[in-house]
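Accompanying notes for the structure given below.
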Amino acid sequence: MKLGAETIAELASQVAGAEAGRSPIPKLTDRFPDLSLSDAYSVQDELRRRATESGRRLVGFKMGLTSRAKMLQMGVDQPVFGFVTDAGACPDGGAIRCDELIHPRVEPEIVFVMARSLSGPGCHVADALAATDFVTAGIEVIDSRYEAFRFDLPSVIADNTSAARFVLGSRCVDARETDLVTAGVVLELNGCVVEVAAAASVLGHPAASVAQLANLLAERGEEIPPGAIVLTGGATAAVAVSPGDHVAARIQGIGSVSARFE
Ligand code: OOG
Ligand code: MG
């Protein structure tokens, strides 16, 4: 289906309204079963346009559903991308308010910061590594605007892939000097290890996620700009958090990052 600009704007308003009012809505495909992936990215583009128009700064992108653990958890079988703005950034070790969110979950992610632009199509791991400045440890806080965190591919794309908050570690590591295949990824909740993975759980190598982002952006006439951060996707399943929780992600050879929820 190719939706008109008015419908795209209306769907963007529904998602934005759910976020602002912290009141989840049924997934968009309940009302628009034929919503195409391209329409869904148009809704996301409209959300991005409104975010920057209201003064938020686009700081990069996020890939989602890049690991088997995430695909199985969410029942969706293809990677997707969303955008991240300065409004989502939280300091390492800082507090994140749950009353601003609907049903937050956390996931450990390897985050790339780009030195140069990266344009698809045809990008591969080596192209991504060559364009990277450094990698750091990250926690992404996702918060679906859909009831019961249930969605399908078009619905989650139109919801900016559940993007809500993110926390970056303070240690910057050269991606070419680090083993991003066998490195262990550990997610701790209140001091207990709750999820573990290897870096390779993200598309075989998290740089492949950056390359795939460039290739997906190219389909929409865009590229990854220099200086952009790229969240490569949860290496493990996401874990629900509530006020009082403390979360840490530890990534072997890269470092750790943490957040408190209140
Ligand atoms: C969609 C976003 C997925 C990831 O890292 O896989 C994501 C969701 O699971 O709500 O951010
Ligand atoms: Mg994520």
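Could you work out the percent of alpha carbon pairs in the chain separated by over 34 Å, rounded to a whole number? When all Cα pairs of the chain are counted, 11 percent exceed 34 Å. The loop-placed trypsin sites (Lys or Arg not before Pro) in region 105-147, going by DSSP, that have at most 16 neighbouring Cβ atoms within 10 Å of their Cβ come out as 116. Taking every alpha-carbon pair under 8 Å whose residues sit at least 6 apart, the chain reaches a relative contact order of 28 percent.
Only Lys, Arg, Asp and Glu count, each charged at its Cβ (+1, +1, -1, -1), so figure out the dipole size of region 1-128 about its Cα centre, rounded to 20 debye. In debye, rounded to 20, region 1-128 gives about 160.
Pairs of Cα atoms nearer than 8 Å and 6+ residues apart set the relative contact order; for region 58-150 it is 26 percent. Would you kindly calculate the translational diffusion coefficient of region 216-258, applying Stokes-Einstein with the Kirkwood radius from alpha carbon pairs, for 37 °C and a viscosity of 0.692 mPa s, and quote it in µm² s⁻¹ without decimals? Approximately 236 µm²/s, per Stokes-Einstein.
Antiparallel DSSP bridges in the chain: what percent, to the nearest 5? Rounded to the nearest five, the antiparallel share is 85 percent.
Considering only 207, 78, 193, the residue lying farthest towards the positive end of the dipole of the chain is 193, judged by Cα position with unit charges set on Cβ. Listed by chain and number, the aspartates and glutamates whose C-alpha is less than 19 Å from the C-alpha of residue 2, apart from same-chain residues fewer than 8 away, are 10, 30, 34, 39, 45, 46, 152, 159, 219.
Grouping the Cα pair distances of region 110-262 into 10 Å bins from zero gives a pair-distance distribution of 11, 38, 36, 13, 1 percent in increasing distance order.
An oblate overall shape is assigned to region 88-172, the ratio a/c of its alpha-carbon gyration tensor axes (a ≥ b ≥ c) being 1.5 or greater and a/b not exceeding b/c.
Decide, for region 48-123, between rounded, prolate and oblate: order the square roots of the alpha carbon gyration tensor eigenvalues as a ≥ b ≥ c, take rounded if a/c falls under 1.5, and otherwise choose prolate if a/b is larger than b/c, else oblate. Verdict is oblate for region 48-123.
Mean projected area of the Cα convex hull of region 37-84, taken over all directions, amounts to 3.7 nm². With the charge dipole of region 110-174 set up from +1 on Lys and Arg Cβ and -1 on Asp and Glu Cβ about the Cα centre, the Cα lying farthest toward the positive end among the listed residues 117, 169, 156 is that of 169. The accessible surface of the chain, taken with every protein chain in place and a 1.4 Å probe, is 51 percent carbon and sulfur. Here the Kirkwood formula puts the hydrodynamic radius of region 1-42 at 10.7 Å, using every distinct Cα pair.
Each of 220, 260, 68 has its accessible area taken with a 1.4 Å probe; listed largest first, they run 68, 260, 220. Across 99, 39, the residue with the most accessible area heads the list, and the full order at a 1.4 Å probe is 99, 39.
Summary value for region 117-213: 32 percent relative contact order, contacts being C-alpha pairs under 8 angstrom separated by 6+ residues.
Of the whole protein surface, residue 217 contributes about 0 Å² of accessible area at a 1.4 Å probe radius. Helical content of the chain, expressed as a calculated mean residue ellipticity at 222 nm, amounts to -8000 deg cm²/dmol (DSSP H runs of 4 or more residues, -39,500 (n - 2.57) each, divided by residue number, nearest 500).
Cα centroid separation, region 43-84 to region 214-239: 8 Å.
Assuming charge only on the beta carbon of Lys and Arg (+1) and of Asp and Glu (-1), the dipole of region 117-262 about its Cα centre is about 160 debye to the nearest 20. In region 143-193, the alpha-carbon atoms span a convex hull of 173 Å³ per residue. Solvent exposure of the chain, expressed per residue, is 40 Å² of accessible area, with all protein chains present and a 1.4 angstrom probe.
A probe of 1.4 angstrom, applied to the heavy atoms of all protein chains, finds residue 56 with accessible area near 110 square angstrom.
Could you calculate the FRET efficiency of residue 52 with residue 246 from 1/(1 + (r/R0)^6), where r is the beta carbon distance between them and R0 is 41 Å, rounded to 0.05? Result of the calculation: an efficiency of 0.80. Once the Cβ-Cβ distance of residue 190 and residue 23 is raised to the sixth power relative to R0 = 41 Å, the FRET efficiency obtained is 0.90.
Quick check: from the Cα gyration tensor, does region 1-95 come out rounded (a/c under 1.5), prolate or oblate? Verdict is oblate for region 1-95. Note on residue 129: accessible area is roughly 30 Å² with a 1.4 Å probe, heavy atoms of protein only.
The values are calculated or read from the model by the stated rules, or taken from the named source; none is laboratory data. All values derive from a computational prediction rather than experimental measurement. Backbone-built Cβ (ideal geometry, glycine too); neighbour counts: all protein chains shown. All accessible areas refer to the heavy atoms of the entire protein, side chains included, with ligands and DNA or RNA removed. Shrake-Rupley method; radii C 1.70, N 1.55, O 1.52, S 1.80 Å.
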